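Okay, structure first, notes after.
The values are calculated or read from the model by the stated rules, or taken from the named source; none is laboratory data. These figures come from a predicted structure and were not determined experimentally. Please note: Cβ atoms are built from the backbone with ideal geometry, for glycine as well, and neighbour counts cover all protein chains shown. Ligands, DNA and RNA are stripped out before the accessible areas are found, and what is left, the full protein with its side chains, is counted by its heavy atoms. Shrake-Rupley method; radii C 1.70, N 1.55, O 1.52, S 1.80 Å.
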Amino acid sequence: MDSLDAKILLAIDDEPDATALALAARLGIARNTLSSRLQRMQQVGVLREFTRRVDPAFLGRGLVAFVSIALSQTSSPRAMETLRGIPEVVEMHSTTGEADLLVKVVARDTADLHRITGRIVAAPGVTRTSTAISLCEEMPLRIRALIEEAAQD
């Protein structure tokens, strides 16, 4: 990613509904340049799916929890496949340390969270879990400052 790519991303962040023509004019580049760069960024995975912008709370899933999961090393692929099949599992990271996975879960309430963690515990190869409920989001995921830094280079 070069500084022009970063400037394109910042312009889209500022005006997500702007047309390609308007964005190109704002950036002082040809519309074809903008389109080809956006297409390339899409293909290489710079731009993720639009649904990542949707707040789960507006889908009735306002409770957020983080589940640390220890796995049997021989069942890890099956466990991952099962966990990916749980709609309320919205993020999953392999980790070092005590747990093998850190899973972000969204739920309707604590009873719903109990149901979801029951499904997690029942996944093949899950040997132990520990759940922490988020009280509030102190800072949402932010990437803009990194893009601004890249735009300066």
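Once you charge only the Cβ atoms, +1 for Lys and Arg and -1 for Asp and Glu, what is the size of the charge dipole of the chain about its Cα centre, to the nearest 20 debye?
480
Can you give the calculated 222 nm mean residue ellipticity of the chain, where each DSSP H run of n ≥ 4 adds -39,500 (n - 2.57) and the sum is split over every residue, rounded to the nearest 500 deg cm²/dmol?
-13000 deg cm²/dmol
Give the relative contact order (percent, whole number) for the chain; include only Cα pairs under 8 Å separated by 6+ residues.
Over the chain, the number comes to 31 percent.
Would you work out which of Val64, Ala25, Ala111 lies farthest towards the positive end of the dipole of the range 23-118? Charges go on Cβ: Lys and Arg +1, Asp and Glu -1.
Farthest along the dipole direction, towards plus: Ala25.
Just checking my list (1) 13.9; (2) 11.2; (3) 9.4 against mean projected area of the Cα convex hull in nm² computed from this structure; which label fits?
Entry (2).
First compute the accessible area of the range 29-153 with a 1.4 Å probe, then give the percent of it belonging to carbon and sulfur atoms.
So the carbon and sulfur contribution to the accessible surface is 53 percent.
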